[in-house]
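Colleague: Quick one: structure below, then a few questions.
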Amino acid sequence: MQDQLREAARQAQTAIAACQTNNDILNARAQFLGKKSLVNSLYSKLKDLPDAEKPAFGQLINDLRSELEKLLAQREKELKEQQRLQQDASKAQDLSLPGIMPGRGSLHPLTVVRREIEDIFMAMGFEIAEGPDIEDEFHNFDALNTPQDHPSRNLADTFYLENGLLLRTQTSTVQVRTMESFAPPIRIISPGRCYRNDKPDPSHSPVFHQVEALAVDKHLSMADLKDTLQNFARLMFGAGMKSRIRPHFFPFTEPSAEMDISCVSCGGHGCRICKNSGWLELGGAGMVDPAVLKTLGIDPEIWSGFALGMGIERIAMLKYNIPDMRILFENDVRALRQFSGESL
Amino acid sequence: MIISSRILGHYIDLPAELEQLVHTLTFSGIEVEAIKEIPELPPTVISARIISTEPVPDSNHLTKCMVDHGGPEPIQVVCGAPNCREGLVSALALPGTKLGDFTIKPTKLRGVESFGMLASEREMGISDNHAGIVEFAADTPVGISVNELYELPDAILELEITPNRPDLLGYVGIARDLSASLNLPLKEPVIQKLEGEKQCDMGLKLVVEDPEKCLRYTARLMEGVTVKESPQWLKTALIKSGLRPINNIVDVTNFVMFELGQPLHAFNYEKLRPLSLQDVQPAIVVRKARAGEKFEALDGKSLELDEADLVIADGQEASALAGVIGGMASSIDENTHRIVLESACFQSTTVRASSTKHKVSTDSSYRFERQLSPFAAETVSHRAVELILETAGGKLCGDLYDAFEQVPEPLRLTLRPQRFEELIGYRLSPQEITRYLEALDCKLVQENPDGMVFQIPHRRVDLTREADLLEELARLAGYDRIPSRTSISGIMDRHAFKNRRKIEDWFVQAAFHEALNFSFSDPAQYEALGLSTADVQDRLLKLVNPQSSNQSVMRISLLPQLLENLRHNLHHGERDLKLMEIGKIYCNVKGKIEEKLVLTAVMTGKAQAEHWLQKSEAVGLWYVKGLVEGLLQSMGLPITETKEHSQPWLAPGDNLAWLNNGRICASFGRLKTQTAENFDIDLGILKQEIWVLELDIDLIAELTRDRETVFRDLPRYPAVTRDLSFVIQTSVPYSQIREAIQAVAPELISEVQIFDQYLGESIPQGFRSVSLRLKLLDREKTLTDERVDELLASVREMLSRTWQIKMR
């Protein structure tokens, strides 16, 4: 009996050690511990033993049983560990091969710049207002204090439609429309398309984009205009950017000014781009002319306002160093692709 | 803090409407956190005295009482309350009285007749107390309406007192603040110092060892007091504030705390021991507790103190935990005739620390945890003395003992009226400023060019700077008065703005490049698209002074220019192109000018970038359709139908439009070879298809304007997926099959998805094999296998019935 026991133990240990899969483990468990197993058959032989030996032998079988259970569990754990190692083993790939990249699209650089301007002004508390491209003379000229004989009304400057309407020459039309419909305080910017009868060249295009800002409130002064310009310049072009305003003339602002920012190319030291002045012209600005306010039913004794306007093409060209405005309307993907990084 | 609005009304005339009181309190910075209204009782609830009792036979708790309610004859009432006893004056509800939903009727209990009900506070809606029937003061006359005795109706308010306002911790404080905000006089109780008997054999040794933690300690001695139950008005006041009446002495100290905001304590003089055997006079020593010192609190808890605790001790041991709770040993009982009345001020941090450490929170600790002003202690003592004499008799012995070291001058603050306008935003006249602040006892003592100088009452420990006064003024005048100037006026169409950006981004994510073209176009290009001159003539807006003939009209479509852009790029050797433009088109619609924002996209070549591992598919029907479907689904666009989008430039069959009530939101299709050729693109040579996609951006913005994302609770039960395959006529569209399946159990079939379609050898002509995955989800309960099987059986049954097909 002792020999049988020892033999059973030896066989089982060998078999368990040889297990290579979960299935092997299951089979081994059935073979050595199952109903028809060797260990089980030893139990049935207990009855043949003298009573005195029964307890001791029974204990031996039990010990063998738990020993085998332990071995099986241990082997199972080893196999699992092996499987894990296999799963996590290096696949030995050539990691210099390119990965699967999602496609890269792009917003048009004018859209990128428009969004940037919108975001900056919205952060400063401005809303965005839009209006039609096709306008009448009142909103484009009359309401803006433009004299009847002003040259900008000519066919050589402004596009007219056969129905007598015109294509707006600036987005100030939206300012007029906003002041017609809403009472102050008002803080808006109006981005949009404008049209002037200019032949396309490196710095002109008959279709172009503009953003104008308008603020009407109590106690607004030119200091607020300067602040707004300075904040915009810094946020758009960088913290070191300087700005200034110079006296100028526009029919719809009084006083009027032109806005300059330090040259984005040389930082103000003087270069070819800024014609060695250190400054670049950004656009026009001024305090809204009292006549304009009055025309729109706003009392200039109570309210004051400032307006400023700039071309999106010009800002895009400055920001991205684009040499010719016409490139912006060619839609050549070799150019557009360069703005993927700006569109994310 | 709990207050009764009726009792508050003793100190100031209140607004007629409760709502207005609550609003005034809340908007002057005293937030009303909860309101409990106690309704008026029917007039048939009256006071009545139990004149005799006898037990009801066969009952262990019922008592038969004869009750005198002021009528000609006593009434017999059966009562089950444990405190039902002879001589008690309680509340009697006569037959016919409605209390809540319950109407009192003459009844028989265990065979004994009962003609009314003796009621508990809970039964009358006064408090949650249901331990027994109410016990009115013994001298209460019978037959009086209980409304009168309890001051009903009433509203109990729970107030949030901010930590900076310890002056608001009593009725008078709240009333004073209201008097400022409502501009009504404060009806403050007149409090006078009463002189004690000079000849008196009581005496006290008062030692304050720690004046930093005990800012002030006053004591008053009284003898010959009769400890008994309180008069009814006092009982009522305590019950309204959530306290149980105990006896007249304790009740007075609690009432004065509720009235003036500063807690007090009364000690049994007889139980106070002297400092040493040689001393005759008992002692009160305010000192740090000794480490490990034992203290038995009034609530029965035994506390072990340490040196951080401040105690009021007699000559031997702690008699009270300062500002938190009194001790059992020196408590007042019926046999007490001589008392020491403490009115003191303790350091808030010490009280808070002791209260937290020993987990004892009382009305007293609640108040002392905020730093009270030591100046109140004397007045508070005088008030309590007056009320004790009134309710307990006896006499006052000697003068006030007062340990108070620091007597600082009242603070003076300068207020500049223009600062108010600068900081708060509107002008308040000096007259108004003076009125508000003087109502708070801030006296205007000087007016000079620098501003108005106010003397701050001691109780307002929170007013130390000009900014604090400005806050007081802003609060009392009401934040409603502050003008608001809005500059964001709703001019901007924020939804349309976001809509446009989302769509732009969607296409950039799908690797499109955005193009921008002029708003002008060449009328000949519309012919190139296949539109006849007659078709477009009326819609075109012509320029008077175009720069060239090919820029002579406003564009009515973005497609021609995009096709030109495509050709331009193809000519430069680019093969895989996805271009889109968002821009306006301009149409003359019967004399009216319409400017509409649209998106047009053109694409050709590979749908995805080429990769060495996987081949990229060419842009084709399913790619373009998915692009549109994905966008429309993400935006939640309500599509009512889809139909063929037949256009002269689109190949028949390979096109589709999505509509909402007849208006086209989106469309796509394959460009005809001829149209491409008209734009100088030879598809035969290119061997690629060109696909066109169009969106009406303005319409999409309009249709999604009211869409909102509303979070839905996550399902508590897991979803089950089941696959279903069958062969069906090719003439039956997938959308119809899907809708029909969903309709079988719309609340359970949460998704139907096709994952395979097969047409081929084993499938008969005119049929296709379709494999669907159904996701089943019940939000109410677990889906059992049986219910799933049943559901699938009805789906199969529906399919075979509707289309006469055989299920596999």
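The values are calculated or read from the model by the stated rules, or taken from the named source; none is laboratory data. What you see is a predicted model, and the numbers here were worked out from it, not measured in a lab. Please note: Cβ atoms are built from the backbone with ideal geometry, for glycine as well, and neighbour counts cover all protein chains shown. Accessible surface is based on the protein model in full, side chains and every heavy atom, while ligands, DNA and RNA are left aside. Shrake-Rupley method; radii C 1.70, N 1.55, O 1.52, S 1.80 Å.
Colleague: Within the stretch B:225-261, how many residues turn out to be closer than 15 Å to B:GLY170 by Cα, touching a strand residue (DSSP E or B) at 6+ places or on another chain (Cβ under 7 Å) and part of a loop (DSSP other than H, G, I, E, B)?
Modeller: Qualifying residue count, the stretch B:225-261: 2.
Colleague: If a residue counts only when it is within 14 Å of chain A (Cβ to nearest Cβ) and in contact with a Pro (Cβ under 6 Å, 6 or more places away or on another chain), which strands (runs of 3 or more DSSP E) contained entirely in the stretch B:581-692 have at least 1 such residues?
Modeller: Ranges flagged: B:592-604.
Colleague: Moving to a separate point now. Filter the stretch B:543-563 down to the residues that are open to solvent by 10 Å² or more (accessible area, probe 1.4 Å), closer than 19 Å to B:PHE668 by Cα and facing chain A (nearest Cβ under 10 Å) and list them by number.
Modeller: Once the filter is applied, which keeps residues that are open to solvent by 10 Å² or more (accessible area, probe 1.4 Å), closer than 19 Å to B:PHE668 by Cα and facing chain A (nearest Cβ under 10 Å), the stretch B:543-563 yields only B:GLN561.
Colleague: Still on this structure, please answer the following. When the stretch B:611-646 is examined, which residues are found to be open to solvent by 50 Å² or more (accessible area, probe 1.4 Å) and more than 54 Å from the chain's Cα centre (by Cα)?
Modeller: Those that are open to solvent by 50 Å² or more (accessible area, probe 1.4 Å) and more than 54 Å from the chain's Cα centre (by Cα): B:TRP612, B:LEU613, B:GLN614, B:LYS615, B:GLU617, B:ALA618, B:SER646.
Colleague: When you scan the stretch B:109-156, how many residues do you find that are in contact with a strand residue (DSSP E or B) (Cβ under 7 Å, 6 or more places away or on another chain), open to solvent by less than 30 Å² (accessible area, probe 1.4 Å), within 15 Å of B:THR63 (Cα to Cα) and in a loop (DSSP other than H, G, I, E, B)?
Modeller: 3
Colleague: Just give me the residues in the stretch A:80-104 being over 30 Å from B:TRP506 (Cα atoms) and touching a Ser or Thr at 6+ places or on another chain (Cβ under 7 Å), in sequence order.
Modeller: Within the stretch A:80-104, none qualify.
Colleague: Hey, among B:PRO106, B:PRO74, which residue is open to solvent by less than 60 Å² (accessible area, probe 1.4 Å), of a type outside the set (D, E, K, R) and without any contact (Cβ under 8 Å) to a residue 24 or more places away in the chain?
Modeller: B:PRO74
Colleague: If you take the residues of the stretch A:276-296 that are outside any strand (DSSP E or B) and in contact (Cβ under 8 Å) with a residue 60 or more places away in the chain, which of them is surrounded by the fewest Cβ atoms within 10 Å (Cβ to Cβ)?
Modeller: If we take residues in the stretch A:276-296 being outside any strand (DSSP E or B) and in contact (Cβ under 8 Å) with a residue 60 or more places away in the chain, then A:ALA291 is surrounded by the fewest Cβ atoms within 10 Å (Cβ to Cβ).
Colleague: Please go through the stretch A:157-178 and give me each residue that is within 8 Å of another protein chain (Cβ to nearest Cβ) and either touching a residue at least 40 places away in the same chain (Cβ under 8 Å) or part of a helix (DSSP H, G or I) (or both), ordered by number.
Modeller: Correct list: A:PHE159, A:THR178.
Colleague: Being of a type in the set (Asp, Glu) and open to solvent by 60 Å² or more (accessible area, probe 1.4 Å) narrows it down to one residue among B:ASP682, B:ASP696; which is it?
Modeller: B:ASP682
Colleague: Could I ask something else about it? So which residues in the stretch A:287-344 are over 22 Å from A:VAL264 (Cβ atoms), more than 10 Å from every other protein chain (Cβ to nearest Cβ) and acidic (Asp, Glu)?
Modeller: Within the stretch A:287-344, A:ASP289, A:ASP299, A:GLU301 qualify.
Colleague: Also, quick follow-up: Somewhere in the stretch B:200-217, is a residue touching a helix residue (DSSP H, G or I) at 6+ places or on another chain (Cβ under 6 Å) and hydroxyl-bearing (Ser, Thr, Tyr)?
Modeller: Scanning the stretch B:200-217 turns up no residue that is touching a helix residue (DSSP H, G or I) at 6+ places or on another chain (Cβ under 6 Å) and hydroxyl-bearing (Ser, Thr, Tyr).
Colleague: Got at least one residue in the stretch A:326-339 being open to solvent by 50 Å² or more (accessible area, probe 1.4 Å) and under 30 Å from A:SER221 (Cβ atoms)?
Modeller: no
Colleague: I'm told A:ASN197 meets every condition in (1) open to solvent by less than 20 Å² (accessible area, probe 1.4 Å); (2) outside any strand (DSSP E or B); (3) touching a residue at least 40 places away in the same chain (Cβ under 8 Å) except one. Can you identify the failing condition by its number?
Modeller: (1)
Colleague: Considering the stretch A:242-272 alone, what residues qualify as being surrounded by fewer than 18 Cβ atoms within 10 Å (Cβ to Cβ), without any contact (Cβ under 8 Å) to a residue 40 or more places away in the chain and either over 19 Å from A:SER172 (Cα atoms) or outside the structural domain of A:ASN321 (by TED's automatic domain parsing) (or both)?
Modeller: The answer is A:LYS242, A:ARG244, A:ARG246, A:PRO247, A:CYS266, A:GLY267, A:HIS269, A:GLY270, A:CYS271, A:ARG272.
Colleague: If you don't mind, there's one more thing I want to ask. Going by what's in this entry, would A:ASP227 be described as among the charged types (D, E, K, R), assigned by TED's automatic domain parsing to the domain that holds A:GLU281 and in a loop (DSSP other than H, G, I, E, B)?
Modeller: no
Colleague: Given the criterion open to solvent by less than 40 Å² (accessible area, probe 1.4 Å), within 14 Å of another protein chain (Cβ to nearest Cβ), touching a residue at least 60 places away in the same chain (Cβ under 8 Å) and out of contact with any Gly (no Cβ under 9 Å at 6 or more places or on another chain), identify the matching residue among B:ASN499, B:ASN517.
Modeller: Exactly one of B:ASN499, B:ASN517 is open to solvent by less than 40 Å² (accessible area, probe 1.4 Å), within 14 Å of another protein chain (Cβ to nearest Cβ), touching a residue at least 60 places away in the same chain (Cβ under 8 Å) and out of contact with any Gly (no Cβ under 9 Å at 6 or more places or on another chain), namely B:ASN499.
Colleague: Also, I was wondering about something else. Can you name the residue in the stretch B:647-669 that is in contact (Cβ under 8 Å) with a residue 12 or more places away in the chain and open to solvent by 60 Å² or more (accessible area, probe 1.4 Å) and is also farthest from B:VAL536 (Cα to Cα) among such residues?
Modeller: B:ASN661
Colleague: Let me ask another. Suppose the filter is outside any loop (DSSP other than H, G, I, E, B) and open to solvent by 20 Å² or more (accessible area, probe 1.4 Å); does B:GLU212 pass it?
Modeller: Spelling it out, it is not the case that B:GLU212 is outside any loop (DSSP other than H, G, I, E, B) and open to solvent by 20 Å² or more (accessible area, probe 1.4 Å).
Colleague: Could you tell me which of the residues B:LEU540, B:LEU566 is open to solvent by less than 20 Å² (accessible area, probe 1.4 Å), in contact (Cβ under 8 Å) with a residue 24 or more places away in the chain, within 11 Å of chain A (Cβ to nearest Cβ) and out of contact with any helix residue (DSSP H, G or I) (no Cβ under 7 Å at 6 or more places or on another chain)?
Modeller: B:LEU566
Colleague: In the stretch B:720-754, which residues are open to solvent by 60 Å² or more (accessible area, probe 1.4 Å), hydrophobic (A, V, I, L, M, F, W, C) and assigned to a strand (DSSP E or B)?
Modeller: Selection gives B:ILE754 alone.
Colleague: Condition check: part of a strand (DSSP E or B) and surrounded by 19 or more Cβ atoms within 10 Å (Cβ to Cβ). Does B:ILE174 satisfy that?
Modeller: no
Colleague: Tally the residues that are assigned to a loop (DSSP other than H, G, I, E, B) and open to solvent by 20 Å² or more (accessible area, probe 1.4 Å), restricting the search to the stretch A:200-214.
Modeller: The number of residues fulfilling the criteria is 3.
Colleague: Just for the stretch A:75-110: of the residues that are open to solvent by less than 40 Å² (accessible area, probe 1.4 Å), within 18 Å of the chain's Cα centre (by Cα) and touching a residue at least 24 places away in the same chain (Cβ under 8 Å), which one is farthest from B:ALA515 (Cα to Cα)?
Modeller: It comes out as A:GLY105.
Colleague: Let me ask something else about it. Please go through the stretch B:197-209 and pick out each residue that is more than 21 Å from B:PRO374 (Cβ to Cβ) and either outside any loop (DSSP other than H, G, I, E, B) or open to solvent by 10 Å² or more (accessible area, probe 1.4 Å) (or both).
Modeller: Within the stretch B:197-209, B:GLU197, B:LYS198, B:GLN199, B:CYS200, B:ASP201, B:MET202, B:LYS205 qualify.
Colleague: Please enumerate the residues belonging to the stretch A:123-156 that are surrounded by fewer than 17 Cβ atoms within 10 Å (Cβ to Cβ) and within 11 Å of another protein chain (Cβ to nearest Cβ).
Modeller: If the condition is that a residue be surrounded by fewer than 17 Cβ atoms within 10 Å (Cβ to Cβ) and within 11 Å of another protein chain (Cβ to nearest Cβ), then A:MET124, A:GLY125, A:ASP136, A:ASN154, A:LEU155, A:ALA156 are the ones that fit.
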